[in-house]
Structures are given as structure tokens and as C-alpha cells.
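Peer 1: Next up is a structure, given as C-alpha cells.
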Amino acid sequence: MKTLTIAAIAAATTALTGAAMAQQTTLRIQTHYNPEQTSGQLAQEFVDNVEAMSNGEIDIEMFFSSSVVKTVEAFDAAATGILDCDMTGGAYQTGKNPAFQFVGDIMGGYDTPYQQLSWLYYGGGLEAAQELYNAFDMQLVGWWVYGQESLASSKPIASISDLQGWKFRSPPGMETKIFEKLGASPIVMDFTEVFTALETGIIDATDYSGLANNESIGLYDLVKHSNYPGFHSMPSDHLACNKAVWDAMPEHHRAIMNTAMESLALRTALQFEKLNAEAAARLREQGVTLSNWSDEDKQAFRDAAQATWPEFATTPEAEALVASHLAYLDQLGLVSK
């Protein structure tokens, strides 16, 4: 009995020592979403999943609403150690290298978030993008893509011909070039000016977000035309971590983070597909006209976008990402022959 007792004590001591020696990872992550938004709630689910799967070995302090640094500064803050990870998106970093446009929002590429995610995981995208991130001492962990954005317009946008002379608020950069090629008149302005510009007729329409998000801020109280499903823009939010921090994490911690990101990506796509469909039903009842462009018109937009990509692929990294996207889009039948 004495021998058994000593053995039991030794086993218990070993177990306690092992638990005490379990490596802990503490991460400070910033997102631009607020905790009440759907995306903010999904980000919190990601945190909860990581902490549960790691049995508390990974502790995440999530900073919502860009509460530590400005949204555009989160990437650098993570790279320099002010934060550990950035949960915004690559499109904010195009000033560093235009290649970030092609991991942030390629425009006119994929029809669904599932296709876009499949490029990342099955089309060589993660490997191609990783070289870009690593060059800035960051590790791309994954994407979460909420789906196609819809426009909000005071005029019909039922087909590509309706873009002739169509004045709309556009973010700067590649989007303005694509729409100009199709006859539209994009006007770059801060989004804070949009409501007044719509009310006074300075612009006919605006680009903002997905249908449910557009509805939530009251855009369709002012204008009664939109397109659904969308076709022009599908931003990818990312989780990117300081590479030294990432490399120092034990392998099973990195595996948990990767798995949780894949879960976040799926849940994000599914959640917004549901929310946008519900918003579409409500808006139709309220008299908002939702136009679904024909396959031919969508392909015409895609052709204009893909013709514009080389104009922004001005570095070897950007050229490599464009070539990777085009090769995969060709496999999916989304490139005109």
C-alpha cells in the first residue's frame, strides 16, 4: 500500500509539474470592428474558441474599435511589438507595396467568399501572400471574408449600361479606374460626407459595404436602388501576427490559431449570407429595387477589373499575386478567353 501511495504521489507531482510547465501564449490583437457589430461578435467568438481549444494556454486580449492605434497603423503596431496581431485587412497597407491590394480587395475577381477562400487555401494563395507578409516581419494567419458588397443608388443600376455618367462615391485607387472604364464618374470623398452628398444630388450613389450593413446605417432610407448579389468588391479581412511572436509559439498553439481562423472564415461567410438575404427581403417590402446583374454584365465588369490589375501590379510581389489569381480564376472559368 505504501508503494502504491508513493507512486500515486509521484504521478500527481509529475502531472502538476507538466501543467505548470505548459507554455503560455499571450496575444494582444486589435480589430477595427466594434464589439456590437456582427463582425465584432464573430471576432469575440474566435477569441473564445482559441482560449477553449488551448485549455487556457493561449490568452487573447482583444482591442475593439481600433482603441490602441488607428486602423491603418495596426499592421505596423503589430510588426514593431506595440501589438502582437492585426485583425484589419491588407488593403490598408497598399502604401507599403501595391501587392497588398491583391490580398485586401482584388475587385472583379471571385463570385463568392468560398471561391476567394479556396484560392487562399487550395490555389497557392497563402504561400504567395506569405512571402509578402514575411517581408514586413508579419505572418498571415488567415482571412475572413464577409461576401460581395452592394451599392446604394438613387438611380436604377440594373445593368452595366446604367453606369454611363453615373456619379458615385468611391474609395480612392483601383475601384475608380475600373468604373471609369465602364463609363461611370467616381468621386472620391470621405464617407462622412456621403449622406449630405446624396441628399443634395452631388452624387447619385455610394459604395459602402454589404447589403445588411448598408441597410443598418440608413442608406436605403435615402435611395431606393441597389444590386444584390453584388459583383464589384469583396474585401478580405485578415489576421496577421508579428512573425517573431508567431515563430515562438509552440506548434500546437499555431495549429489552434489556424483552425480557429478557418472556423471564423466559414462562420463569417455563412452569417453574412443569411443577414444579406434577410435584408434583401425587408428592402423589397419597403420598395427598394434590387437588381441582379446578368452573367454577361458581371463578366464585362470582371474583364474591366482584370484589365486594370496590371496597372496596379507595379512590384514583383504584386505581379506574382495577380498571376496567381488569374491562374486560379481561369481554373474556375472566371476569365474571358
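Peer 1: From the residues 257, 236, 290, which one has its Cα farthest along the dipole of segment 215-304 in the positive direction, the dipole being from +1 and -1 charges on Cβ of Lys/Arg and Asp/Glu about the Cα centre?
Peer 2: Looking along the dipole axis, the top candidate is 257.
Peer 1: Label points 7 Å out from Cα along the Cβ direction at residue 311 and residue 262: separation in nm?
Peer 2: About 3.9 nm separates the two model spin labels.
Peer 1: Just tell me, in residue order, which DSSP H segments of the chain are both 27 angstrom or longer along the helix axis (alpha-carbon based) and at least 0.0 in mean Kyte-Doolittle hydropathy. Could you put the intermediate results ahead of the total?
Peer 2: Numbers: long enough: 2-21 (28 Å, 1.25); 251-285 (52 Å, -0.40).
Passing helices, by number: 2-21.
Peer 1: Here's a follow-up. Among 67-74, 107-114, 209-216, 178-185, what's the highest-first ranking by average C-beta atoms within 10 angstrom per residue?
Peer 2: Details: 67-74: 16.1, 107-114: 20.9, 209-216: 22.9, 178-185: 18.5.
Most protected by this proxy first, the peptides run 209-216, 107-114, 178-185, 67-74.
Peer 1: A further question on this structure: Quick check: from the Cα gyration tensor, does segment 63-165 come out rounded (a/c under 1.5), prolate or oblate?
Peer 2: prolate
Peer 1: Can you work out the PRE-style zone for residue 248? Point 7 Å along Cα to Cβ, and I want the residues of segment 28-51 with backbone N under 13 Å.
Peer 2: 28
Peer 1: Let me ask something additional. Magnitude of the Cβ-charge dipole of the chain, K/R +1 and D/E -1, about the Cα centre, nearest 20 debye? Write down the numbers at each step before the final one.
Peer 2: Working: 19 positive and 42 negative charges, 52 e Å.
Roughly 260 debye for the chain.
Peer 1: Pairs to check: 243/274; 274/337; 155/274; 177/224; 155/177. Give those whose C-alpha atoms are more than 32 Å from each other in this structure.
Peer 2: Numbers: 243/274 35 Å; 274/337 34 Å; 155/274 26 Å; 177/224 26 Å; 155/177 21 Å.
From 243/274; 274/337; 155/274; 177/224; 155/177, over 32 Å: 243/274; 274/337.
Peer 1: Would you calculate, for the chain, the mean residue ellipticity at 222 nm contributed by helices, counting each DSSP H stretch of 4 or more residues as -39,500 (n - 2.57) and dividing by all residues, to the nearest 500?
Peer 2: Numbers: 14 runs with 166 residues, N = 337.
Roughly -15000 deg cm²/dmol at 222 nm, from the helical runs in the chain.
Values quoted throughout were computed directly from the atomic coordinates according to the rules given, and no laboratory measurement underlies them. Small disclaimer: the values here were computed from a predicted structure and weren't measured. Note: ideal-geometry Cβ built from the backbone for every residue, glycine included; neighbour counts use all protein chains shown.
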